[in-house]
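S.K.: Shown below is the structure under consideration.
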Amino acid sequence: MEEPTKRTVDVLVIGAGQAGLSAGYHLRKVGLVPHKDFLVVDHAPGPGGAWQFRWPSLTLTTVNGVSDLPGMAFADTLGDGSATVRASEAVPEYYRRYEEQFDLQVERPTTVTVVCDSGDRTGPLRAETNHGDISTRALINATGTWEHPFIPYYRGAETFSGKQLHTKDYDTADEFVGKHVVVVGGGVSAVQLLDEISLVTSTTWVTRSEPQFREEPFTPELGRRAVAMVEDRVRRGLPPGSVVSVTGLPVDDRVRAARARGVLQRRPMFSTIEPDGVRWADGTFQEAHVILWCTGFRSSLDHLAPLRLRGPGGGITMTGRLATQVAADPRIHLLGYGPSASTIGANRAGRAAVRELTTQRSRS
């Protein structure tokens, strides 16, 4: 049997989605060499980050935008008729070409199971992977959220005789024909899937708070407000909050059509789940065969647990120019956490993290 390898790099990047590739680009730009000075690892079998796992009906027409990676525009990789192409095909192809164009040499499939240190937060970090250990001076964690779906617990959930699934598990609406589907969640994905499913079967939409729809175009000012809100939270060590309360749900032709069909008649959250459906506090009951939890994701950071980065409230106090650096451990930058969770924010955060790590390197 081949012995596990033990390698040393200056910077380890975990994750090759938008944030990880952006970090790799900027590491190359400052002169670092892949597999010698830095290494990008990814657990997935191919390029594309979380995009390669998105549901088939999500096309470039229905997707809520695909942001350009630094140095190469997404539009430059598309052919004619691209609007109807699945996002799960087009974006991974874009990422593949990007990796080749900038010679990022992403190592995959490599899964980082745990990251440890010597205990004093001054020496190198050790990442344990399925291909051996990697010692690194600095870590850029860009693992995103896709692997950590969040489903809140409601009393009686374990008794439900129907099917419960998360956005992450969704494939097509056809599997729900003839069944009543309760869609839970007030985000963009919830509205998109609710609309799609309602075209083939009956639905009920429930959310924790009243959804706020945005009729006007998304503006830079709105984006800045959303980012500022999240950045303020993580700088204070609070868990990142949802930005939908700031940006609102965009209204397009599909949303207007769904509203005209009466699909967007939202109900408040039910209080209990029963074997055959859900029940509200006032006793109202809705029979259901499926509960679709469009309740979002949490940051995939379990492999960093030994580093004890979280505070008492579960948040991680962040610092640095764009709040990417862990305040308690400057060796570590988290991309895709807090204000860098958006695809646009991920590009800026990748550049900021590399600049700060380069500055530290020159001082040491």
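Yes/no per residue for (1) of a type in the set (D, E, K, R); (2) in contact with an Asp or Glu (Cβ under 9 Å, 6 or more places away or on another chain); (3) modelled with pLDDT of 95 or more:
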{"residue": "2", "(1), (2), (3)": "yes, no, no"}
{"residue": "6", "(1), (2), (3)": "yes, yes, no"}
{"residue": "20", "(1), (2), (3)": "no, yes, yes"}
{"residue": "52", "(1), (2), (3)": "no, yes, no"}
{"residue": "56", "(1), (2), (3)": "no, yes, no"}
{"residue": "59", "(1), (2), (3)": "no, no, no"}
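S.K.: Of these, 323, 288, 281, which one is at pLDDT 95 or above, touching an Asp or Glu at 6+ places or on another chain (Cβ under 8 Å) and either over 20 Å from residue 117 (Cβ atoms) or surrounded by 18 or more Cβ atoms within 10 Å (Cβ to Cβ) (or both)? Let's see the steps before the verdict.
M.R.: Details: 323 fails: at pLDDT 95 or above; 281 fails: touching an Asp or Glu at 6+ places or on another chain (Cβ under 8 Å).
Of 323, 288, 281, the one residue that is at pLDDT 95 or above, touching an Asp or Glu at 6+ places or on another chain (Cβ under 8 Å) and either over 20 Å from residue 117 (Cβ atoms) or surrounded by 18 or more Cβ atoms within 10 Å (Cβ to Cβ) (or both) is 288.
S.K.: When residues of the stretch 148-174 are filtered for being under 24 Å from the mean Cα position of the chain (by Cα) and part of a helix (DSSP H, G or I), how many remain?
M.R.: Selection size over the stretch 148-174: 4.
S.K.: Look through the stretch 188-220, keep the residues that are small (Gly, Ala, Ser) and in a helix (DSSP H, G or I), and return whichever of them is farthest from residue 296 (Cα to Cα). If you could, list the steps in order and put the result at the bottom.
M.R.: As a first pass, look at the stretch 188-220 and keep what is small (Gly, Ala, Ser): 189-190, 198, 202, 209.
Going one step further and asking which of them are in a helix (DSSP H, G or I), we end up with 189-190, 198.
On the way: 189: 9, 190: 9, 198: 20 Å.
Only one residue fits best here, namely 198.
S.K.: Considering only residues that are surrounded by fewer than 18 Cβ atoms within 10 Å (Cβ to Cβ), within 23 Å of residue 120 (Cβ to Cβ) and modelled with pLDDT of 90 or more, which ones fall in the stretch 330-363?
M.R.: 330
S.K.: Any residue in the stretch 254-275 that's more than 19 Å from residue 180 (Cβ to Cβ): show its pairings with residues that are of a type in the set (Asp, Glu) at Cβ separation under 8 Å, as long as the two are six or more apart or on different chains.
M.R.: From residues that are more than 19 Å from residue 180 (Cβ to Cβ), the pairs are 254/195; 255/195; 257/195.
S.K.: Only strands (runs of 3 or more DSSP E) wholly contained in the stretch 277-338 count here; list those with 2 or more residues that are β-branched (Val, Ile, Thr).
M.R.: Values: elements: 277-279, 285-287, 290-293, 329-334.
Correct list: 290-293.
S.K.: Which count do you get for residues in the stretch 27-58 that are in a loop (DSSP other than H, G, I, E, B) and more than 22 Å from residue 168 (Cβ to Cβ)?
M.R.: From the stretch 27-58, those in a loop (DSSP other than H, G, I, E, B) are 30-33, 35-37, 42-48, 54-58; that's our starting set.
Those left that are additionally more than 22 Å from residue 168 (Cβ to Cβ): 30-33, 35-37.
Looking only at that region, the number is 7.
The values are calculated or read from the model by the stated rules, or taken from the named source; none is laboratory data. Here the structure is a predicted model, which means the values were calculated and not measured. So basically every Cβ, Gly included, is an ideal-geometry build from the backbone, and we count neighbours across all protein chains shown.
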